[in-house]
Amino acid sequence: MTETSSTSTPAIKPCPKCGQPGAIRKAGSNRVWVQCAKYGKDGNCTAISRPEANKKDAITVWNKMK
């Protein structure tokens with residue numbers, strides 16, 4: 001899936017470390033990040049993006065991680 005407009009939400013790419021899906025996480029009203037589905041208690045991957053103010057920005061940061 002590709003982004004078709006500036007307001008659409010991009011697709012979440014697989015984890016850059018292990019290839020598992022990325023999962024959106026949220027705390028409060030303006031802290032959103034993406035982490036590996038195998039992060040922490042769910043597994044042993046340590047991939048996590050920095051918190052952003054919205055889902056679109058969090059996904060963009062995640063998708064640029066290497």
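Annotations
- Highest mobility in the GNM of the chain, judged by mean-square fluctuation with C-alpha springs under 10 Å and restricted to 41, 13, 55, is found for 41.
- GNM remark for the chain: springs join alpha carbons under 10 Å apart, and the peak mean-square fluctuation among 47, 37, 27 falls on 27.
- Taking a sphere under 12 Å around the Cβ of residue 37 and counting the other residues whose Cβ falls inside, with K and R at +1 and D and E at -1, yields a net charge of +3.
- Gained length - residue 26 relative to residue 65, 0.36 nm times residue gap less alpha-carbon distance: 12.2 nm
- Candidates 38, 56, 17: whichever shows maximal mean-square fluctuation once the chain is modelled as a Gaussian network with Cα springs under 10 Å: 17
- Label selected from [x] 57, 16, 10; [y] 28, 21, 21; [z] 35, 28, 16, the criterion being Cα extents along the principal axes in Å as computed here: [z]
Bear in mind these aren't lab numbers, they're just calculated from the coordinates by the rules spelled out. Note that the structure is a prediction, hence the values are computed from the model and not measured. All Cβ positions, even for glycine, are placed from backbone atoms using ideal geometry, and neighbour counts span all protein chains on display.
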